[in-house]
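This report concerns only the one structure given below.
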Amino acid sequence: MRFRIAVIIAAMLTMCVSAFAQTPVDTIYTPPVIYSGMPPTYEIAGITVEGADNYEDFVVIGYSGLKVGERIEIPGDEITAASKRLWRQGLFSKVQVSVNKIAGDKAWLIISLREQPQISAINYNGVKKGEREDLQEKLQLFVGNQITQNIVNRANLIIKNYFKEKGFGNADVVIALHEDLSEPNKMIVDINIDKHDKVKVHKIYIDGNEVLTDKKIKRTIKKTNENGDIMNLFRQKKFVENDYEDDLKRIIEKYNELGYRDAKIISDSVVPYNEKSVDVYINIEEGKKYYINDISWVGNTIYDTNFLNRVLEIKPGDVYNQKLLEKRTSTDDDAVANLYLNNGYLFYNLVPIEKNVQGDSIDLELRMEEGPQARINNVIIQGNDRLYEKVIRRELYIRPGELFRKDDLVRSLREIANTGHFNPENLNPDVQPDAENGTVDIVLPLESKANDQIEFSLGWGQTGVIGKVSLKFSNFSIKNLFHPSSYKGVIPQGEGQTFTVSAQTNARYYQAYSVSFLDPWFGGKRPNSLSVSAYYSRQTGVNSSYYNNTWMNSAYNYGYGYGYGYGYGNDYYGNSYEDAYDPNKLLQMAGVTVGFGKRLKWPDDFFTFTTELSYNWYNLKNWEYLYYMNNGTSNSFVLGLTLARNNIDNPLYTRRGSSFALGIHLTPPASLFGKKNWAKLAEENTPEAKKQLYRWIEYWKLKFQSRTYTPLNDPNGKWTFVLMTRADFGLLGSYNKYLKSPFETYYMGGDGMSGSYTYATETVALRGYDNGSLTPWGREGYAYARLGVELHFPFMLQPSTTIYGLAFLEGGNAWTSVSRFSPFDLKRSGGFGVRIFLPMVGLMGIDWGYGFDKVYGTRGGSHFHFILGQEF
């Protein structure tokens, strides 16, 4: 009975509990949030995202930091923190976190957002194309990006600073945003710029200066110059704030250079003079002049003090020149720093200390930390996709395991630049020292550039169109010629060899073909070069009935004939070019040359010695355009010996270094082995006698060429002005006075380009004069001299294009015999021009020159000259 009662009671209790559990919980939608009193705690049961169509919900929820199942106070710090996190993303212009509904202790949240508008179009108004491209790179605004007021403000500031650096200090910038009606939440960005005129410097007022005059201080200033001063004609006159700050530093550096270590700018101000110019006021305190009383060295163990003092080249009693001190300790090529850096002491450090200052005297203490010698651990080459890596490494003077030497690094960069396969303007090595291990890693980041050249040109001569096609492959690989699978493109590449083939033709009148091959590292182990070349040309004369004698002499003396026809195929007088062809006048030439070059170690390893052996064949038939020979066959064997030195830093735009070559070419003295009466044959002067005289050509030819390059400002800068000087001479002599060579003479004057109507001669440029005007027919050149100076200034130095301008003064002359050679009796000229280097075309340019002197009664006068190809 008791058991039944207990069961009944338990069942009733269970029913009561079950009934209580099934009591429904009220769900409140959009509940009011009460900020007074103790906030209730809820469990997040769900999170919904609205208004962020371009983002996944889980991404937005992740940004907020809220999680389903997390218990938070509503209202509370968690909701506030979530809103701040979403604001900080910068992606939304509206952020709201609200409660959608609650049920018991559970809450469902809604994150309501409005995305920042996106850019649908950007319009730049009031700027040039180049300026627009610069601004696009600086602003990094692109279609599809979000646009905010912060971005607008930042863009406004960047644009104003950009134009301020260009001298447009009054530029107005208005960035307007317009809704794009064609797309929701899209904005059109109009960037409106009014540059106004450049702000220039009206006057510079200097106060407090006694040691330096106003004029000297103004000449010390480089970029902030008065607009009205004629001495500033070629200097910057616009006011640029950054340049002005640099100029203030230059003033102090100038005083420090003169010993005024305490000199300072007390005050300076820039005051508008009018809308287009400003006045600059500078107040200087010069201080007193200091001298060096004593110099002591601390920490030096490798080199003794006396030796370091000799290297320093500064002694007690000298003016305390801080600029000179820095140059002699750090920056000069023969500075104290390089003494250590070229002996492996990469961790070397030198700090000059003004130990004692009394009156106008300063005791200098040069505190040195020599450190251990550093050895090269790794040499890492990056960015090379042109050459096999071994081809680059064989040019390097830095190798793992060897002591670090700064000169070796500089030389390695120079050799890489001279290969022509990499951009020399971006050769910036990354030297990574490891002091703990006493090693250094050197990273060479290379930027490849195309170096092959294709030339296709058309010219106009007295016999019509002359066409030329030339292919130069500067990265050839002859060993892969029969392995097509290794080709890079359509030709075998990667070994740095040069293969050139060219053809030039005027149909029946003129044909010339040549082929050459150069391996700068023949065998691959040593820098010994092997070159092989061959050529053939065939040319017919022009029928004498085609023109009068005056026109003929003009056309042939100057090497180029120009037709003046009314239509193709006729000359000025209406004669057909078919009438010009004369098969009875013929010149054929052929030859082959093999050369071997070796890099020397003495006097230094910039020297090379080259030996060449050539065979040349000449066949003439009624060829009336040569003075000494018209008919017959001639032959020559020529031995060439050339000693050269080249240490230029850049083959395209050279800033420093020099190059010279001294060469002699010799034929065997064939006349010594014959038993002919050469004097009698020369006196006879008959076609048959000439055939015997010139069957074997004999001569000696001495030639010297030199160039020097001197930077006029920072040689490591991009805009370096360079002074180039040249001195050349050539002599063509004979062993036998009766056997003067009819070939290999000098053809001087004009642009120096060999035309199709010069015959086995060497062309020498002299701008300001007609082509060949110094060596006309009957006055062939057997000696010449040329001296000159050029100022080079860069316009563009890019991997794809190099452009620089030049101004020149030069003088030259040619003589009909070696005995008449007079190197200072020169015909003078001057002018200016421009050079352009394009990888697929090579070097080309145009010069204007004016010849100041008379040549055979005619003044040189004004001439334009077109240049193709690199001159020595």
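The values are calculated or read from the model by the stated rules, or taken from the named source; none is laboratory data. Since the model is a prediction, treat every value here as computed from it, not as a measurement. Glycine gets a Cβ as well: all are built from the backbone with ideal geometry, and neighbour counts include every protein chain shown. Quick note on the areas: whole protein, heavy atoms, side chains included, nothing else; ligands and nucleic acids left out. Shrake-Rupley method; radii C 1.70, N 1.55, O 1.52, S 1.80 Å.
Within segment 165-184, residues that are farther than 18 Å from Leu141 by Cβ and in contact (Cβ under 8 Å) with a residue 24 or more places away in the chain reach partners that are surrounded by fewer than 14 Cβ atoms within 10 Å (Cβ to Cβ) and of a type in the set (S, T, N, Q) with beta carbons closer than 9 Å, at six or more positions or on different chains, in the pairs Glu165/Asn242.
Looking only at segment 69-97, which residues are within 19 Å of Tyr55 (Cβ to Cβ), open to solvent by 30 Å² or more (accessible area, probe 1.4 Å) and free of Cβ contacts under 8 Å to residues at least 40 places away in the same chain?
Our first condition is that a residue be within 19 Å of Tyr55 (Cβ to Cβ); within segment 69-97, this holds for 82-97.
Next, from what is left, pick out any that are open to solvent by 30 Å² or more (accessible area, probe 1.4 Å): 84-85, 87-91, 93-94, 96.
Listed by number, the residues that qualify are Lys84, Arg85, Trp87, Arg88, Gln89, Gln96.
Scanning segment 30-49 for residues that are assigned to a strand (DSSP E or B), open to solvent by 40 Å² or more (accessible area, probe 1.4 Å) and either within 12 Å of Gly104 (Cα to Cα) or of a type in the set (Lys, Arg) (or both) yields a count of 2. Condition check: β-branched (Val, Ile, Thr) and either open to solvent by less than 60 Å² (accessible area, probe 1.4 Å) or within 30 Å of Arg411 (Cβ to Cβ) (or both). Does Val638 satisfy that? So Val638 passes the test.
Is it the case that some residue within segment 271-279 is within 30 Å of Lys355 (Cα to Cα) and not aliphatic (A, V, I, L, M)?
First pass over segment 271-279, keeping only residues within 30 Å of Lys355 (Cα to Cα): none.
There is no residue in segment 271-279 that is within 30 Å of Lys355 (Cα to Cα) and not aliphatic (A, V, I, L, M).
Candidates are the residues of segment 488-526 that are under 32 Å from the mean Cα position of the chain (by Cα) and basic (Lys, Arg); the one that is modelled with the highest pLDDT is Arg526.
For Thr763, state whether it is among the polar types (S, T, N, Q), open to solvent by 30 Å² or more (accessible area, probe 1.4 Å), within 22 Å of Gly845 (Cβ to Cβ) and in contact with a Phe, Trp or Tyr (Cβ under 6 Å, 6 or more places away or on another chain). Yes, satisfied.
Of the residues that make up segment 115-136, is at least one open to solvent by less than 80 Å² (accessible area, probe 1.4 Å), charged (D, E, K, R) and part of a strand (DSSP E or B)? Yes, some residue in segment 115-136 is open to solvent by less than 80 Å² (accessible area, probe 1.4 Å), charged (D, E, K, R) and part of a strand (DSSP E or B).
Conditions (1) at pLDDT 95 or above; (2) assigned to a strand (DSSP E or B), marked per residue:
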site	(1), (2)
Arg828	yes, yes
Val834	yes, yes
Phe837	no, yes
Met840	no, no
Ile846	no, yes
Tyr850	yes, yes
Phe866	no, yes
Glu871	no, no
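Scanning segment 396-433 for residues that are assigned to a loop (DSSP other than H, G, I, E, B) and open to solvent by less than 50 Å² (accessible area, probe 1.4 Å) turns up Leu396, Tyr397, Ile398, Gly401, Phe404, Gly420, His421, Asn423, Leu427, Pro429.
Being touching a strand residue (DSSP E or B) at 6+ places or on another chain (Cβ under 6 Å), open to solvent by 30 Å² or more (accessible area, probe 1.4 Å), on the phi < 0 side of the Ramachandran plot and of a type in the set (Asp, Glu): is that true of Asp604 here? The answer is no for Asp604.
Restricting to segment 252-309, count the residues that are within 30 Å of Glu370 (Cα to Cα), aliphatic (A, V, I, L, M) and within 40 Å of the chain's Cα centre (by Cα). Spell out the reasoning first.
Our first condition is that a residue be within 30 Å of Glu370 (Cα to Cα); within segment 252-309, this holds for 253, 256-257, 259, 261, 290-309.
Now drop any that are not aliphatic (A, V, I, L, M), which leaves 292, 295, 298, 302, 308.
Of the ones still in play, those that are also within 40 Å of the chain's Cα centre (by Cα) are 302, 308.
Residues flagged as within 30 Å of Glu370 (Cα to Cα), aliphatic (A, V, I, L, M) and within 40 Å of the chain's Cα centre (by Cα) within segment 252-309 amount to 2.
Taken over segment 148-188, the criterion of being part of a helix (DSSP H, G or I), β-branched (Val, Ile, Thr) and touching a helix residue (DSSP H, G or I) at 6+ places or on another chain (Cβ under 7 Å) is satisfied by Ile158, Ile159. Of all the criteria given as (1) within 20 Å of Leu826 (Cβ to Cβ); (2) in contact with a Pro (Cβ under 7 Å, 6 or more places away or on another chain); (3) of a type in the set (Ser, Thr, Tyr), the one not satisfied by Ser773 is (2). Can you spot a residue in segment 243-266 that is of a type in the set (Lys, Arg), open to solvent by 80 Å² or more (accessible area, probe 1.4 Å) and assigned to a loop (DSSP other than H, G, I, E, B)? Within segment 243-266 (the criterion being of a type in the set (Lys, Arg), open to solvent by 80 Å² or more (accessible area, probe 1.4 Å) and assigned to a loop (DSSP other than H, G, I, E, B)), the answer is no, since none of the residues qualifies.
Residue check: is Asn309 within 24 Å of Glu210 (Cβ to Cβ) and assigned to a helix (DSSP H, G or I)? Walk me through how you get there before you give the answer.
Details: within 24 Å of Glu210 (Cβ to Cβ): no; assigned to a helix (DSSP H, G or I): yes.
Spelling it out, it is not the case that Asn309 is within 24 Å of Glu210 (Cβ to Cβ) and assigned to a helix (DSSP H, G or I).
If you go through segment 836-863 and keep only what is farther than 26 Å from Gly730 by Cα, surrounded by 15 or more Cβ atoms within 10 Å (Cβ to Cβ) and without any contact (Cβ under 8 Å) to a residue 60 or more places away in the chain, you end up with just Ile836.
Within segment 243-253, the residues that satisfy the criterion of being under 18 Å from Asn283 (Cβ atoms) and in contact (Cβ under 8 Å) with a residue 24 or more places away in the chain are Tyr244, Asp247, Leu248, Arg250, Ile251, Glu253. If you go through segment 729-748 one residue at a time, do you hit one that is of a type in the set (D, E, K, R), within 36 Å of the chain's Cα centre (by Cα) and not in a helix (DSSP H, G or I)? No, segment 729-748 contains no residue that is of a type in the set (D, E, K, R), within 36 Å of the chain's Cα centre (by Cα) and not in a helix (DSSP H, G or I).
Across segment 167-223, which residue is surrounded by the fewest Cβ atoms within 10 Å (Cβ to Cβ) among those that are within 33 Å of the chain's Cα centre (by Cα) and β-branched (Val, Ile, Thr)?
If we filter segment 167-223 for residues that are within 33 Å of the chain's Cα centre (by Cα), which is where we start, we get 167-169, 171, 193, 195, 197-201, 218-223.
If we keep only those that are β-branched (Val, Ile, Thr) too, we end up with 193, 199, 201, 220-221.
On the way: Ile193: 22, Val199: 25, Val201: 25, Thr220: 16, Ile221: 25.
Filtering segment 167-223 for residues that are within 33 Å of the chain's Cα centre (by Cα) and β-branched (Val, Ile, Thr), the one surrounded by the fewest Cβ atoms within 10 Å (Cβ to Cβ) comes out as Thr220.
Among the numbered conditions (1) surrounded by fewer than 17 Cβ atoms within 10 Å (Cβ to Cβ); (2) at pLDDT 85 or above; (3) within 30 Å of Arg386 (Cβ to Cβ); (4) not acidic (Asp, Glu), the only one that Ser485 does not meet is (2). Annotation note: Cβ proximity below 7 Å between a residue of segment 219-242 that is part of a loop (DSSP other than H, G, I, E, B) and a residue that is modelled with pLDDT under 80 (sequence gap 6+ or interchain) occurs for Asn225/Asn232. For segment 342-377, the tally of residues that are out of contact with any Asp or Glu (no Cβ under 9 Å at 6 or more places or on another chain) and without any contact (Cβ under 8 Å) to a residue 60 or more places away in the chain stands at 1.
Scan segment 303-315 and give yes if some residue there is open to solvent by less than 70 Å² (accessible area, probe 1.4 Å) and under 30 Å from Phe168 (Cα atoms), otherwise no. So that I can check it myself, show each step before the final result.
Here is the first cut: in segment 303-315, the ones open to solvent by less than 70 Å² (accessible area, probe 1.4 Å) are 303, 305, 307-309, 311-312, 314.
Among the residues that remain, those that are also under 30 Å from Phe168 (Cα atoms) are: none.
No, the conditions are met nowhere in segment 303-315.
Regarding segment 254-264, can at least one residue be identified that is free of Cβ contacts under 8 Å to residues at least 60 places away in the same chain and over 30 Å from Gln358 (Cβ atoms)? Within segment 254-264, none of the residues are free of Cβ contacts under 8 Å to residues at least 60 places away in the same chain and over 30 Å from Gln358 (Cβ atoms). Kindly indicate whether Tyr709 is assigned to a strand (DSSP E or B), in contact with a Gly (Cβ under 6 Å, 6 or more places away or on another chain) and closer than 17 Å to Phe808 by Cα. Spelling it out, Tyr709 is indeed assigned to a strand (DSSP E or B), in contact with a Gly (Cβ under 6 Å, 6 or more places away or on another chain) and closer than 17 Å to Phe808 by Cα.
Scanning segment 338-395 for residues that are of a type in the set (D, E, K, R), open to solvent by 70 Å² or more (accessible area, probe 1.4 Å) and part of a strand (DSSP E or B) gives Lys355, Arg367, Glu369, Arg375. Against the definition (without any contact (Cβ under 8 Å) to a residue 24 or more places away in the chain and either under 29 Å from Glu275 (Cα atoms) or not basic (Lys, Arg) (or both)), how does Gln146 come out, yes or no? It is false that Gln146 is without any contact (Cβ under 8 Å) to a residue 24 or more places away in the chain and either under 29 Å from Glu275 (Cα atoms) or not basic (Lys, Arg) (or both).
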